[in-house]
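Notes follow once the structure below has been shown.
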Amino acid sequence: MQKFMLEDEPIGVPAANIVYPNLKQVLEYARAAEPNPPLIIHVRNTGDPGEPDEPDTPGWELIFEPLPGEVVIDKRKNNAFAGTTLGSWVHTEAEIVVVGFQTDFSVRATCSAALGRGNEVILLREAHATFNRIEVLHGGGVTKAAAIEAEIEAELEEAGVHIFDMKDLPDIFADR
């Protein structure tokens, strides 16, 4: 989860003001979980020169500073398992909670890959976001980010991802 996604549009996502506090809350609950806190993995996309997530630029930096014991993985593809060490950190029997950006790219691809590996996957509504999409077919127009997020949630739920609301957050990390 990188800083550039929280900038004003069009660089950042439309739901940045909603998603940021929710991401912060998810991280706080995960870090405070007892008696068995989860492994927290921060995934950072590595963009090309000139892109908002170009390495070693302010936009590439993670939103939240990792604590000791938390893992940082850099990725070049939508699927965070592809070409990274994520699979060595996340066992196939692990339940994973996915939050972050971009719903219709990285979130979708990573959730799908995790399901394919046999993981139980939880996705939290309003703890992931994407951009509005400019349509080029069927008359053009713009599909709002919120509609895309809901569409991907429905697709992932149909595939086997468990979709939870933020009100469910305390129970997700309780009694582990």
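Could you please report the charge total around Asn78, scoring K, R as +1 and D, E as -1 over all other residues with beta-carbon less than 14 angstrom from its beta-carbon?
+2
The amide H of Asp74, built 1.01 Å from its N in the peptide plane, has Arg44 as neighbours under 5 Å, considering only residues 5 or more places off or on other chains. The angle separating the long axis of helix 108-117 from the principal Cα axis of greatest extent in the chain is about 40 degrees. Computed from backbone phi with θ = phi - 60° and the Karplus coefficients 6.51, -1.76 and 1.60, the 3J(HN,Hα) list for segment 13-21 is 7, x, 8, 3, 5, 8, 6, 3, x Hz; x is used for glycine and proline.
Other residues within the sphere of radius under 14 Å centred on the Cβ of Thr92, judged by their own Cβ, net out at -2 (K and R +1, D and E -1). Computed extension gain for His162 through Glu93, at 0.36 nm per residue and net of the alpha carbon distance, reaches 23.3 nm. For the chain, the relative contact order is 23 percent, taking Cα pairs closer than 8 Å that sit 6 or more residues apart in sequence and dividing their mean separation by the residue count.
Projecting the Cα atoms of Ala32, Thr92, Ser112 onto the charge dipole of the chain, computed from C-beta unit charges around the Cα centre, puts Thr92 farthest toward the positive end.
Spread over its residues, the convex hull of the C-alpha atoms of the chain is 125 Å³ per residue. Each Lys or Arg adds one and each Asp or Glu subtracts one; over the other residues with Cβ under 14 Å from the Cβ of Met166, this totals -4. The fewest-to-most ranking of Lys167, Lys77, Lys24 by surrounding Cβ atoms within 10 Å reads Lys167, Lys24, Lys77. Helical content of the chain, expressed as a calculated mean residue ellipticity at 222 nm, amounts to -8500 deg cm²/dmol (DSSP H runs of 4 or more residues, -39,500 (n - 2.57) each, divided by residue number, nearest 500). A simple spin-label model places pseudo-atoms 7 Å from Cα toward Cβ; at Glu34 and Arg133 they are separated by 4.4 nm.
Throughout, read-outs are computed from the coordinates displayed, never taken from laboratory work. Predicted, not measured: the structure shown is a model, and the values here were computed from it. Here the Cβ is made from the backbone with ideal geometry for all residues, glycine too, and neighbour counts use every protein chain on show.
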